[in-house]
Structures are given as C-alpha cells and as structure tokens.
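Rule-based calculations on the coordinates, nothing more; no lab input. Fair warning: this is a prediction, and the values are worked out from it, not measured in the lab.
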Amino acid sequence: MASQILKSCLKGSIARCKQAMPLAASCRSAHHGVVDYELEKIGNREVVGYGLSGDPNYLDKVMTPFPAIRFKSYDTAELKALKEKEKGDWRKLTVAEKKALYRASFCQTFAEMEAPTGQWKSIFGCTLIYISMGIWLMYGIKEFGFGPLPRSFNEDRRSLQLQRLLDMEYGIIEGLSSQYDYEKEQWKK
C-alpha cells in the first residue's frame, strides 16, 4: 500500500517536472541564454552546452573540457555533409572525417592542451634580465649616486673613536667595554 502511494507520488512529481521543464528552460534562456549582442559575438557557431560560466564562449581547458559553443560553424558544404554522415553509422566514417568533425567542435586535443609550451624559457630569461638590471642599478647608485664618505669613516678616525669609547668605559657591564681588559690594555680572549 505504502509503495503504491510512493509510486503514485513519484509519477505525479515526474509529470509535474515534465510540465515544468519547458517553463524552466524558457526562464533559463531569458536569464542565461544567448542574447543579441552575444549572437553577434559568436556568429553562427552552434551553442552546445553551458560551458564554464554559462556564457557562450569557447575555451580549451582541461578542467572544463566541454565549451559552450563549437569551435567552427557548420556553414561550409564539407562540414554540412560530414554532419549528415555523422548521423549514420560511425564505422563508415574514415579517420580523416572523424578528425575533421572533432576539429570542427574543438580546437585542441587533450594532448595538445597539456603539451609543454616552452613559456618557462621566456619567464626565466625575463627574470635574469630583471636581476641583472637590478645589479647594474645597485652598482650605479653605489658608484655615482653617493658622494665620498665623511671623514669619520677613515680608519684613523675610527680607531680614535673606538679609543674614546673605551676611555669613557662605554658599555662596561654588557657592551663594548666589557670585552676590553683595562689592566693589560688589550682585548679579552
């Protein structure tokens, strides 16, 4: 008894879903469907799916393998003939015809999408160029950007400054003077 009620409810919901599907499709086409400016953009290529974001655009991506539109339009006589022949037995199609049908729908195969492009070489080259420019800029600033060092940076002046700090017993507890032996007048070992 309960299973019959459940089946009747399911039949009723399936019937309601079938009735609501055209309504839902019309709502979707109004919101996510192809509008006039998008039709101008894609020309007469066939919209075949939802794609990446619901917009009619073509992207070759491994993560989203089914684009929203076909790569080429089927306006040529050769592609129209292949499209009609495709509706029949696929064993009668040659390999070249199957490839032509594939290339009409997709630009690249998975192997072509995942093939190395060699882009790392240009990135590596640009990185080396920027590093060398930075080194040359640093060298130029060091050589030409600054004037001569002040007198206080001479070796004689620096030794006099150090002697003055030791005479004042500057940092006698934990600083510089704590490393100096005043009785022997030399640095502690």
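Computed quantities for the displayed model
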| read-out | value |
| --- | --- |
| If the convex hull is drawn through the Cα atoms of region 80-189, its volume per residue in Å³ | 282 Å³ |
| Region 38-111 - convex hull of the alpha-carbon atoms, volume per residue in Å³ | 97 Å³ |
